[in-house]
Amino acid sequence: MGEEKLTLKDLAAKPDLLAPGHRMCAGCVSASVARMVMKATRGPTIVATATGCLEVATTILPYTAWRVPWIHNAFENVAATASGIESALKAMKRRGALKYEHVDIIAFGGDGGTYDIGFQALSGILERGHDLLYVLYDNEAYMNTGIQRSGGTPYCAWTTTSPAGKVIPGKPQWKKPIAHIVVEHRAAYVATASPAYPLDLIKKVRRGLEAEGPAFLHVIAPCTRGWRFPTNMGIKLARLAVQTCLFPLWEAWWEDGHPVYKLSGPSEAIARRPEMKKPVEEYLKPQGRFAHLFKPERKEELLRRIQEGIDREWSLLLKRAGFA
Amino acid sequence: MSIKISEMAGWREIPVAGVAYRPSTESKTGDWRSFRPIVNEEKCTGCALCHFFCPDGAISLVNEKAKVDYDFCKGCGICAEECPVKAIEMVPER
Ligand code: SF4
Ligand code: SF4
């Protein structure tokens, strides 16, 4: 993978392609993510957005925050819509009807639109090999419709459809390993990113656009309303998710029939110095959706299971990335 | 009653679906704010981190200093929380 000479200073001077005045909540990190993704564009770009917070709140009719050609179709089919755009561009190019040498396509889906409702369409673009970038902004529940659990909601998280109480401890199931599932489709480029590390995120978007074939970027996007934390804490939590190895940063692609996994900066540092890894409690405690794990008394057994789940996934990733 | 497909409207005749045509910048989200970020220019190093973290694109760098656009800043406080040199302070709006 070639290194781009992208710097935060230069990128800061580049005008926003997602304009201010959108109606995402105060402190919404999904909005920060979308802004950063758009900073990474390299030329003419078309954006498609699945139904979700980002779609609804950036295009409250008749207003739009998008300064690029943009389309919303439905909840389940942003990948299919984006693949149609790619095919149309190819056909136009064949006929000499396209005035650009190349047009990039970015599809945005939330966790509901990606893990659950849009999964089939996503799998389809991976199998058909469309040349586009799919960005999953993962706020870990159906936030736009009122905090219902999704396939991306983590174990023990409270949501309105996985209420924590005597019967269940919040969501009883674990989060679906969506990015690894995408890797197994033989995608051209897959990466995870956190908005707490803007340059890493932006470089990965660029690599995803440069990759020939389907690229997938999984971004953690803390949600002040649904995770229940003060509006100023979103970036901090996006950082803690990485520091606790709950959401490690990595890239993957295929070479000679094998997946190549590469840990990114902050996660690679932890792989080399495991003592840097923070306990998951530091990440859970500031979030109201996990409050029942600490109040009225500490749920030691659940906390132990959560930590073990993270340790298990992390050691699996270390193996894949050639550590241990 | 039967309808012949050849007599139905083609895609060229169908009116376009919902088109969002007015810029979001016409709606000033600054009136959501109950706390106001104030940048201390002496302290600000121009690192640009707050510009990237701000969900609302309300911070730009002017002469290498962070400048808040109060028309759009919603007062979330992320910039103040994340500034590495604590150059931003949140003060209550009156
Ligand atoms: S994060 Fe702080 S130091 Fe960096 S540009 Fe913003 S105000 Fe200035
Ligand atoms: S308070 Fe929030 S919206 Fe206002 S400038 Fe700071 S980060 Fe942006």
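The values are calculated or read from the model by the stated rules, or taken from the named source; none is laboratory data. All figures in this text were calculated on a predicted structure; none of them were measured in a lab. Positions of Cβ are backbone-derived with ideal geometry, glycine not excepted, and every protein chain shown enters the neighbour counts. Quick note on the areas: whole protein, heavy atoms, side chains included, nothing else; ligands and nucleic acids left out. Shrake-Rupley method; radii C 1.70, N 1.55, O 1.52, S 1.80 Å.
Remarks
- Efficiency of FRET from Cβ geometry, B:ILE5 and A:GLU282, R₀ 56 Å, rounded to 0.05: 0.35
- Each Lys and Arg Cβ is given +1 and each Asp and Glu Cβ -1; about its Cα centre, segment A:61-195 then shows a dipole of about 160 debye.
- Cα-based helix-to-principal-axis angle, A:29-39 vs chain A, degrees rounded to 10: 30 degrees
- Among the residues of B:80-88, the average count of other protein chain beta-carbon atoms within 10 Å of the residue beta-carbon is 2.
- Estimated FRET transfer efficiency (A:LYS14, A:LYS99; beta-carbon r; R0 22 Å; 0.05): 0.45
- Backbone phi angles across segment A:75-92, fed through the Karplus curve with coefficients 6.51, -1.76 and 1.60 (θ = phi - 60°), yield HN-Hα couplings of 6, 8, 10, 4, 5, 5, 4, 5, 5, x, 5, 4, 5, 5, 4, 4, 5, 4 Hz in residue order; Gly and Pro are listed as x.
- Relative to the longest principal axis of the Cα atoms of chain A, the long axis of helix A:234-243 makes an angle of roughly 80 degrees.
- Segment A:251-262 - phi-based ³J(HN,Hα) in whole Hz, Karplus 6.51/-1.76/1.60, Gly and Pro as x: 10, 8, 8, 10, 9, 6, x, 10, x, 10, 9, 10
- Of the residues A:GLY43, A:LEU8, A:CYS53, the one whose Cα sits farthest toward the positive end of the charge dipole of segment A:1-53, with +1 on the Cβ of Lys and Arg and -1 on the Cβ of Asp and Glu, is A:CYS53.
- Taking only Cα atoms of the protein assembly as shown, radius of gyration then Dmax in Å: 21.7, 78
- Considering only alpha-carbon pairs that sit under 8 angstrom and 6 or more positions apart, the relative contact order computed for segment A:197-288 is 24 percent.
- Cα gyration tensor of segment B:28-92 - equivalent ellipsoid semi-axes, whole Å, descending: 18, 12, 10
- For the protein assembly as shown, size of Cβ-based charge dipole, Lys and Arg +1, Asp and Glu -1, in debye: 380 debye
- Take every pair of alpha-carbon atoms less than 8 Å apart whose residues are at least six positions apart; their mean separation over the length of chain A yields a relative contact order of 15 percent.
- Among A:106-118, A:311-323, A:243-255, sorting by the average number of other beta carbon atoms lying within 10 angstrom of each residue, highest first, gives A:106-118, A:243-255, A:311-323.
- Rounded to the nearest Hz, the phi-derived 3J(HN,Hα) couplings of segment A:111-121 under the Karplus curve 6.51 cos²θ - 1.76 cosθ + 1.60 (θ = phi - 60°) are 5, x, x, 10, 5, 10, 5, x, 5, 5, 5, where x marks glycine and proline.
- Accessible area (Å², 1.4 Å probe, nearest 10) - A:GLU297: 100 Å²
- Normalised by the number of residues in segment A:13-66, the average gap of Cα pairs under 8 Å and 6 or more apart makes the relative contact order 51 percent.
- Candidates A:LYS90, A:LYS277, A:LYS176: whichever shows maximal mean-square fluctuation once chain A is modelled as a Gaussian network with Cα springs under 10 Å: A:LYS90
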